[in-house]
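Reviewing the structure listed below.
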Amino acid sequence: MSKIVETVFGKVEYTDIGSGRPIVFLHGGHSNCNERLFHQGYDIARFRLITPSRPGYGKTPLNSGETPEKAARLVLCLIDLLHLKKIVIVGISAGGLTAIALANIMKNGVDKLVLISAISKKWLTKNDLRWYLSKVLFHPMTETITWKLVNVGFQVVPRYFTKTFFKQFSNKKSVKIDEGERRGLKEMVALQRSGYGFLNDIHQGLKVDVLKAVQCPTLILHSLNDASVAVDIAYHAHKNIRNSELKIYNNKWGHLLWLGYDNQEPIREVNNYIASK
């Protein structure tokens, strides 16, 4: 069950699950604080999983933080209200920009930063067909219809829609998708909405100086087969975040490292990294 708090910079919606060492998740595009896919592998008896809806998503208004730096400032207010002194930050996909900005402004308040299939610079440009499609399909005036049609599609022709979405996430060819993977994707998609957030996301980037200023240990995980966020972006983050380690995977689902039979290795890597001193 999500909660909403008022900060000096605006409202923020969030979920707070478990107890123990606090981990703050910055979700990806089309998502919100209710997503659970990237919570896999965490023992909620040992970890407190805090997930804010980024500005423009869920019940967090876009005017609470239109840029990664402003969004990070908003999340910092939430962290202060929850009286958290030291946190781990996990940035996923389009949430990577806010995660990096938050790690930068918190300095010694961040124990570790984890970037999963994450964006670390401007991602789409007007030269990319996806930029134009996003303008149409995920505009705040049309995104409700888009996601309703998608969910109906998963009900009526699940195999077709699973294959269609797979191509958006992975460059792998001629793969077999089992029922568990199909169900996991369907559950993820059922929670997705674009709100005002996604159209805002595709215009965002970060100056290299922000990455260079990150001081905490950082683990970067990315797939060679990522069809959504090119692996070059992971190399960009690794090059510019000084104390960083890069893990590259040849997984089936590409961008969705936490989906499919080969998700156990990245899950284990993250758990070991967070647990290590």
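The values are calculated or read from the model by the stated rules, or taken from the named source; none is laboratory data. From a predicted model like this one, the values you see are computed outputs, not experimental measurements. Reconstructed Cβ throughout: ideal geometry from the backbone, glycine too, with neighbour counts over all protein chains shown. Note: accessible area is taken over every heavy atom of the protein model, side chains too, but ligands, DNA and RNA are not part of it. Shrake-Rupley method; radii C 1.70, N 1.55, O 1.52, S 1.80 Å.
Per residue, the convex hull around the alpha carbon atoms of the range 120-277 comes to 129 Å³.
Using a probe of 1.4 Å on the protein chains alone, the accessible area found for Tyr196 is around 140 Å². For the set Met141, Met188, Met1, the ranking by accessible area, highest first and with no ligand, DNA or RNA atoms included, is Met1, Met141, Met188 under a 1.4 Å probe.
Pick out, in residue order, every one of the trypsin sites (Lys or Arg not before Pro) in the range 112-151 that is DSSP loop and has at most 11 other C-beta atoms within 10 Å; say none if there are none. In loop regions of the range 112-151 (DSSP not H, G, I, E or B), the sparsely surrounded trypsin sites (Lys or Arg not before Pro) are Lys126. If you take the alpha carbon atoms of the range 1-143 and fit the smallest convex hull around them, that volume is 110 Å³ per residue. With springs only between Cα atoms under 10 Å, which of Leu37, Leu81, Leu102 fluctuates most in a Gaussian network model of the chain? Highest fluctuation among the options: Leu81. Candidates His238, Ile177, His83 compared by Cα position along the dipole of the chain: farthest toward the positive end lies His238, with charges placed on Cβ. Each Lys and Arg adds +1 at its Cβ and each Asp and Glu adds -1 at its Cβ; summed about the Cα centre, the chain shows a dipole of about 220 debye. The mean sequence distance of close C-alpha pairs (under 8 Å, at least 6 residues apart), as a share of the length of the chain, puts its relative contact order at 20 percent.
Here the Gaussian network model covers the chain, with springs between Cα atoms less than 10 Å apart; of Val156, Val229, Val210, Val156 fluctuates the most. Across the alpha-carbon set of the chain, the Rg to Rh ratio works out to 0.93, Rh being the Kirkwood radius. Length gained on full extension, Asn171 to Tyr261: 30.7 nm, using 0.36 nm per residue less the C-alpha separation.
For the chain, the per residue solvent-accessible surface stands at 46 Å², with DNA, RNA and ligands left out and a 1.4 Å probe. Shown here are the Rg and Dmax of the Cα trace of the range 79-212, at 17.7, 51 Å.
Sort out for me the Cα centre separation of the range 1-65 from the range 181-196, rounded to whole Å. Going from one Cα centre to the other spans 16 Å. Across the range 154-277, C-alpha contacts under 8 Å between residues 6 or more apart give a mean separation that, scaled by the residue count, equals a relative contact order of 28 percent. Relative contact order, whole percent, for the range 1-71 stands at 36, derived from Cα pairs under 8 Å and 6 or more residues apart. Cross-link check: pairs Lys163/Lys207; Lys122/Lys239; Lys212/Lys277; Lys11/Lys167; Lys85/Lys212 evaluated at a Cα-Cα cut-off of 25 Å; pairs beyond the cut-off: Lys163/Lys207; Lys11/Lys167. Charge dipole of the range 211-261 (Cα centre as origin; +1 on each Lys and Arg Cβ, -1 on each Asp and Glu Cβ, all else neutral): 120 debye, rounded to the nearest 20.
Would you mind telling me which residue in Thr51, Thr67, Thr144 has the biggest mean-square fluctuation in a Gaussian network model of the chain, where springs connect alpha carbons within a distance under 10 angstrom? Greatest mean-square fluctuation among the candidates belongs to Thr144.
Considering only Thr7, Trp253, Leu113, the residue lying farthest towards the positive end of the dipole of the chain is Trp253, judged by Cα position with unit charges set on Cβ. Think of each Lys and Arg Cβ as +1 and each Asp and Glu Cβ as -1; about the Cα centre, that makes the dipole of the range 108-159 roughly 160 debye. Taking other residues whose beta carbon is less than 13 angstrom from the beta carbon of Gly96, and scoring Lys, Arg as +1 and Asp, Glu as -1, yields +1.
What is the percent carbon and sulfur in the accessible area of the chain, measuring with a 1.4 Å probe over the protein chains and ignoring ligands? Heavy-atom surface of the chain belonging to carbon and sulfur, 1.4 Å probe: 55 percent.
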